[in-house]
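Colleague: Attaching a single structure in structure tokens format; questions to follow.
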Amino acid sequence: MSSIALIGYGYWGKNLARNFANTENAILHTIVDFDPSRLSSATKLFPSIIVSDNLDATLANKSIDAVVIATPVFSHYKLAKAALMAGKHVMVEKPMTATVAEAEELIALAQLKKLVLMPDHTFLYTGAVQKMRQLIVAQEIGVINYYDSTRINLGLFQPDVNVVWDLAPHDISILYHLTEERPVSVTATGISHLNNGIENVAFVTLHFQSNMIAHFSCSWSSPVKIRQILVGGDKKMIVYDDNQVTEKIKVYDTGYTAKSDEEKQRILIDYRVGDIYVPKLETKEALAGIASDFIQAITTGKEPVSNWKSGLDVVKVLEAAQKSIKLNGKEIRIE
């Protein structure tokens, strides 16, 4: 049985608390927050759980095995490092850190102390993403040619990170879960309409050694909320619409083939439009899945689906995209 302390009881922290309180082989021991009203709210919902504004005492508590961090990005490194130094396993909200250097330091520390360090890439535990991975691994859609993601809505404007750091981690982590190939470079553009240097609209493109390309549209300034991913294979194509209550995934038996007409010196395109089918998806809550995976990683040593490698990979893309935006779309290599 693993004893958990949750740091941060805001919007996402409340969801994490509910799931860890109901996770097998886990005990939600303490909730830490510096806002008295949040602690009061936590006490009403979880009367048997300790609430505290004393982080040091919580980390020093030997009965606590692990810490779950649900705080703003700028605080992730400091809190995760303190927890790891105290001998606690750590799960931290996405993105894992604010810089690649911070991520690499935390990874080295976790490995030195033989502790789990896990980013909260929740979408990897959704039935939709799991089904997409199954289809790709089974080679039903063939070789991936492109990945096109749109994640836009009106607000919530973040005070400390731009729209790429806020929204793109979801879709970058999904892409990395669907393919083993990693990008070699990033180009990105964005703009701040509040004139505070924090971009509220941005477009990011990942370039690969192969012919695959990935594009991400991110915005806090859209009149409509769109959560859609298109995955184009050379056999079939997938549309993932997370706003749909049912039928989130549709598989299109649609594609094209190209052949050259040497006499007329042109390329001829043959189009194929076949059936559309809607696969059945697992309906378990994604946060329940990630909470269970974290506990299994602690108790059995099993590598979690959302692991430190994906956490580092995502931060590498975010940092490179940030550099590209500030350099007006210059291509930035990813090491």
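Colleague: Which fully enclosed helices (runs of 4 or more DSSP H) of the stretch 88-203 have 1 or more residues being over 30 Å from Ala57 (Cβ atoms), touching a strand residue (DSSP E or B) at 6+ places or on another chain (Cβ under 6 Å) and of a type in the set (A, V, I, L, M)?
Modeller: 127-137, 163-178
Colleague: Inspect the stretch 59-67 for any residue being in a strand (DSSP E or B) and under 23 Å from the mean Cα position of the chain (by Cα) and give the result as yes or no.
Modeller: Looking through the stretch 59-67, at least one residue is in a strand (DSSP E or B) and under 23 Å from the mean Cα position of the chain (by Cα).
Colleague: Still on this structure: Enumerate the pairs (first residue in the stretch 21-32 and assigned by TED's automatic domain parsing to the domain that holds Lys62; second residue anywhere and in a loop (DSSP other than H, G, I, E, B) and of a type in the set (Phe, Trp, Tyr)) with beta-carbon separation below 6 Å, excluding pairs fewer than 6 apart on the same chain, so at least 6 apart or on different chains.
Modeller: Close Cβ pairs (under 6 Å, with a partner that is in a loop (DSSP other than H, G, I, E, B) and of a type in the set (Phe, Trp, Tyr)) amount to Ile31/Tyr9.
Colleague: Additional query: Enumerate the strands (runs of 3 or more DSSP E) found wholly within the stretch 224-320, keeping only those where 3 or more residues are farther than 29 Å from Ala202 by Cα.
Modeller: In the stretch 224-320, the matching strands (runs of 3 or more DSSP E) lie at 249-261, 266-277.
Colleague: Okay, moving on. Could you list, in sequence order, the residues of the stretch 185-207 that are over 17 Å from His170 (Cα atoms) and surrounded by fewer than 20 Cβ atoms within 10 Å (Cβ to Cβ)?
Modeller: Ser185, Thr187, Thr189, Ile191, Ser192, His193, Leu194, Asn195, Asn196, Gly197, Ile198, His207
Colleague: For Ser210, indicate whether it is within 16 Å of Leu318 (Cα to Cα), among the polar types (S, T, N, Q) and either touching a strand residue (DSSP E or B) at 6+ places or on another chain (Cβ under 7 Å) or surrounded by fewer than 16 Cβ atoms within 10 Å (Cβ to Cβ) (or both).
Modeller: Considered against the rule, which asks whether it is within 16 Å of Leu318 (Cα to Cα), among the polar types (S, T, N, Q) and either touching a strand residue (DSSP E or B) at 6+ places or on another chain (Cβ under 7 Å) or surrounded by fewer than 16 Cβ atoms within 10 Å (Cβ to Cβ) (or both), Ser210 comes out as no.
The values are calculated or read from the model by the stated rules, or taken from the named source; none is laboratory data. Since the structure is predicted, the reported quantities are computational estimates derived from the model, not experimental observations. Heads up, the Cβs are rebuilt from the backbone with ideal geometry, glycines too, and the neighbour counts pull from every protein chain shown.
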